[in-house]
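**Q** So that we are looking at the same thing, I have put the structure below in structure tokens.
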Amino acid sequence: MLPIIDELKRRHVIRTTIAYAAVAFIIMQLVEIVFPIFNFPQWTQQFIIILLLIGLPITIILAWMFDRTAGGIKRTEDLSPVSRTRIRVRYLLISVIAALTGMLIYQTIYERESGQLSILKIVPANSIAVLPFENLGSKEEDEYFSDGITEDIITELSKIKNLLVISRTSVMKYKGTKKSIQKIGEELGVASILEGSVRRAGDRVRITGQLIDAKSDQHLWAEKYDRELSDIFAVQDEVASSIASALRIELSDDESTRIADSQTESIEAYDLYLKGRNLYHTYDVSKLEESIKYFKQAIDIDPGYALPYTGIAKARVLLSYNLWVDRDQMNAWLVEAKQYAEDAVALSPTDPETVFTLGYYFRRIGEPERAHEYFRRTIAINPSHAHAYDEIGDVFLSTYGDLEGALEFYRNALERDPALAPPKYSTIDIMLKKGQINAALDYAYESRRMHPGSIAWIPEIHAALVSKLKYDESKELLLTAKQIFKNNDQLMFYNMLLGISAIHQGDNELAEECIANIKETEDAHMTHHLDYLRGYKAFFDRRYDAAIGFFERLLNKDMIFRHSVDRLVVADIARYWKALAHIEKGEYQSALFEASIFRPKPSVRVNQLIGGDLFWAKQYYLKGIAYDGLDDPKNARENYEKFLKVWSEADNYLPEIVYTKERLQKLKGVS
């Protein structure tokens, strides 16, 4: 019997494997260099590498079995009759190679974290995170200044198109951290880390910076700048250019010009802007007016300084989102936001923040196409602008109802800013729309651990728990989170969700208390909370006529919403419950009518309206039941099948999925 090595050589397995490995290595190098240039999402790089790894055992097996000859590809002939032992050896060899390759794929694609498997990130070579610069000044109140320097260096680096820069939100959580550079680089998915310090003393400032390879912990660059405070802008430019050089990124003329461009020459105006921006980034409504005061003082000193204008515009838009019940006040804020956003673009038309701010305003007033245009322009100027990706995702979700398109933009946003909250709760909303309750619940709990003070996770977790019939947990969730629900709108929402849990628990006293709490709230007559909870309770009390009446009120009631499109969502949900009530009464034609006038696509994020959009897809489920009741098996089957297609990724245990599959099985063969 020939030795195994000789047999591998004869069948050209070794030569083929080496050739495959060489070509795969070249492809992986090209992917690492080319994909970031074109801003391809990270999963495309992972996909290519997975394909190459999967292809290796296939190539080895084909090389063993076949050979290329002058007559074409032919099966490799044995030199002599193959004994049973040799057959065993041959297939044992192939099995070992396949097993080793599988282990290689496992180790390359996955890593163990907390006993769970997670996909290993491919870190782009040209990627960086700027850690919060340490304030070494004698005044603790100078913290805003060191934070401002950090953010401005991030902004300067973001002007380099071939460099992925992690946004402010994600890096600020590392302020004062004891974690190693390697651990931070791993968590943020970057190749390089910039850290440093700021010491401000009178009219002088000392800034130190060091660029570190996140994997090897080696210093790539370090510098100390001891300058007059008036030179602060030049220092920021020098840092950005030096880092580009250290990472061997060649700056274009346009990039060099934009890095050198300074918004203002006034240190006093800049200082006031930093104070305002620092307050704005708390996202605390009570501090927004103070931030606006600083922005306006900066404009008084330098009317040509564009960034304070963006600060005022964004603060006014944020106020309008949080205090939207007072329509007159909200409209006044939006008028002011528009003026300042337009002034900012007029002063600095190519600055990504001015362009983004105008898009942010258009998105707020319900002009998604114009908003989309400005967000696209923002990304063209600054490919690392995570908020712009998130806002485009919202346009795809709320306007186009394109769930997959929205998810792609949310993934892009989180790649640039892993701590950014909005794309996370939008992703959870999409999971709920798809019926992926388990995945939504896991992601919501994980996200809430990162942002424990946010209300956004509560309604989504509540909707998932109610869908899983975990009513005790849904009630406990609300009782332990009550302190973060503060204004009237939030408290009405809280009582509505708590009332839903109480209804499912059979706690009639608590449900009535929640209804009374909403009713006593000043703005209750202007919102959907009261009638929705009353209708919900009537339905589960089997008072179907009363339920239909309450949900009909929601369709005709003059209400106000944070977004005008929210009315469409509430209308669909009201029709869902009306249809169910009609089905319970045996009024199938009426149920069919209600289920036939849903909005055409599952647009709009609904976590702040009801909790989760588990209703849109069920229009086909309702139609299936209605046609079933009307003894129309053909249309019943058609709608049941459409429901399963729309909810093809839904959890199989959901009662609607179980019932639909059972009905389809029984309807087989019925004409």
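Where a number appears in this text, it was derived from the coordinates with a stated rule and is not lab data. Because the structure is a prediction, the values reported are computed rather than measured. We place every Cβ from the backbone using ideal geometry, glycine too, and count neighbours over all the protein chains shown.
**Q** Can you report the principal axis dimensions of region 551-671 using only the alpha carbons, biggest first, rounded to whole angstrom?
**A** Between the extreme Cα coordinates on each principal axis of region 551-671 lie 50, 31, 21 Å.
**Q** Taking a ≥ b ≥ c as the square roots of the eigenvalues of the Cα gyration tensor of region 184-259, is the shape rounded (a/c under 1.5), prolate (a/b larger than b/c) or oblate?
**A** Because a/c hits 1.5 or more and a/b fails to exceed b/c, region 184-259 counts as oblate.
**Q** So for region 116-232: antiparallel DSSP bridges make up what percent, rounded to the nearest 5? Each step should come with its number before you reach the end.
**A** On the way: 19 of 26 bridges.
Here the share of antiparallel DSSP bridges comes out near 75 percent.
**Q** On each of the three principal axes of the Cα atoms of region 371-486, give max minus min coordinate, whole Å, ordered largest first.
**A** 49, 27, 23
**Q** Run through region 488-547 and list the GluC sites (Glu not before Pro) located in a DSSP loop whose Cβ has at most 15 other Cβ atoms within 10 Å. Show your work: numbers first, answer last.
**A** Working: sites: GLU509, GLU512, GLU513, GLU520, GLU522; in loops: GLU522.
Passing both the DSSP loop test and the Cβ count: GLU522.
**Q** Any idea how far apart MET450 and LYS179 come out in nm if each label point goes 7 Å out from Cα toward Cβ?
**A** Once both label points are built, they end up 1.0 nm from each other.
**Q** Among 636-642, 278-284, 356-362, how do they line up from the highest to the lowest mean number of other beta-carbon atoms within 10 Å? The partial results should precede the final answer.
**A** Details: 636-642: 19.1, 278-284: 16.6, 356-362: 25.3.
Output ranking for 636-642, 278-284, 356-362: 356-362, 636-642, 278-284.
**Q** Excluding THR177 itself, calculate the net charge of residues whose Cβ lies under 12 Å from the Cβ of THR177, where each Lys or Arg counts +1 and each Asp or Glu counts -1.
**A** In short, +2.
**Q** Next question. Under a Cβ-only charge scheme (Lys and Arg +1, Asp and Glu -1), can you give me the dipole magnitude of region 262-337 about the Cα centre, in debye to the nearest 20?
**A** Here region 262-337 has a charge dipole of around 240 debye.
**Q** What is the sum of charges around GLY611, taking Lys and Arg as +1, Asp and Glu as -1, for the other residues whose C-beta is under 11 Å from the C-beta of GLY611?
**A** -3
**Q** Between SER127 and residues 5 or more places away or on another chain, which pairs have amide H atoms under 5 Å apart, with H built 1.01 Å from N, and which residues are they?
**A** It is LEU164, ALA191, SER192, by chain and number.
**Q** Moving to a separate point now. How far apart, in nm, are the 7 Å Cα→Cβ label points at TYR321 and GLN218?
**A** 4.3
**Q** In addition: Please give the net charge around THR150, taking every other residue with its beta carbon less than 12 angstrom from that of THR150, where Lys and Arg add +1 and Asp and Glu add -1.
**A** -4
**Q** Sequence neighbours fewer than 8 away in the same chain don't count; with that in mind, list the lysines whose C-alpha is under 24 Å from LYS178.
**A** LYS121, LYS139, LYS215, LYS224
**Q** If you take the square roots of the eigenvalues of the alpha-carbon gyration tensor of region 199-357 and sort them as a ≥ b ≥ c, do you get rounded (a/c under 1.5), prolate (a/b over b/c) or oblate? Numbers along the way, then the final one.
**A** Values: a/c = 2.00, a/b = 1.92, b/c = 1.04.
Prolate, since a/c reaches 1.5 and a/b exceeds b/c.
**Q** Once you have a ≥ b ≥ c as the square roots of the Cα gyration tensor eigenvalues for region 125-203, tell me rounded if a/c is under 1.5, and otherwise prolate or oblate according to whether a/b is larger than b/c. Before the final figure, lay out each step's value.
**A** On the way: a/c = 2.61, a/b = 1.54, b/c = 1.70.
Note, shape of region 125-203 comes out oblate.
**Q** List, in order, the whole-Hz ³J(HN,Hα) value for each residue of region 236-252 obtained from phi through the Karplus relation with A = 6.51, B = -1.76, C = 1.60 and θ = phi - 60°; use x for Gly and Pro.
**A** In residue order, the calculated couplings are 4, 5, 5, 4, 4, 5, 5, 5, 4, 5, 4, 8, 6, 9, 7, 7, 6 Hz.
**Q** Now a separate question. So how much slack lies between SER596 and LEU555, counting 0.36 nm per residue of separation and subtracting their Cα-Cα distance, in nm?
**A** 13.3 nm
**Q** Find the relative contact order for region 135-249 and round it to a whole percent, using C-alpha pairs within less than 8 Å whose residues are 6+ positions apart.
**A** 23
**Q** Sticking with this one: Peptides 396-402, 618-624, 214-220, 270-276: what's the order by average Cβ count within 10 Å, highest mean first? Working shown, then result.
**A** Details: 396-402: 19.7, 618-624: 25.1, 214-220: 14.0, 270-276: 23.6.
Ranking, from highest mean packing down: 618-624, 270-276, 396-402, 214-220.
**Q** Which residues in region 338-369 place their backbone N less than 17 Å from a point set 7 Å from the Cα of ASN487 along the Cα-to-Cβ direction?
**A** Zone members listed by number: 364-365.
**Q** State the Cα centre-to-centre distance between region 311-377 and region 506-554 in whole Å.
**A** 36
**Q** Further question on the same structure: Hey, got the dipole for region 340-403? About the Cα centre, +1 on K and R Cβ, -1 on D and E Cβ, debye to the nearest 20?
**A** Numbers: 5 positive and 11 negative charges, 12 e Å.
Dipole of region 340-403, to the nearest 20 debye: 60 debye.
**Q** Ranked highest first by average number of other Cβ atoms within 10 Å, how do 421-430, 183-192, 581-590 line up?
**A** Top to bottom by mean Cβ count within 10 Å: 421-430, 183-192, 581-590.
**Q** Extension gain ILE14-GLU513, at 0.36 nm per residue separation less the Cα-Cα distance, in nm?
**A** Full-extension gain reported as 172.0 nm.
**Q** Taking the alpha-carbon centroid of each part, what is the distance from region 155-175 to region 607-654 in angstrom?
**A** After rounding, the separation between the Cα centres reads 44 Å.
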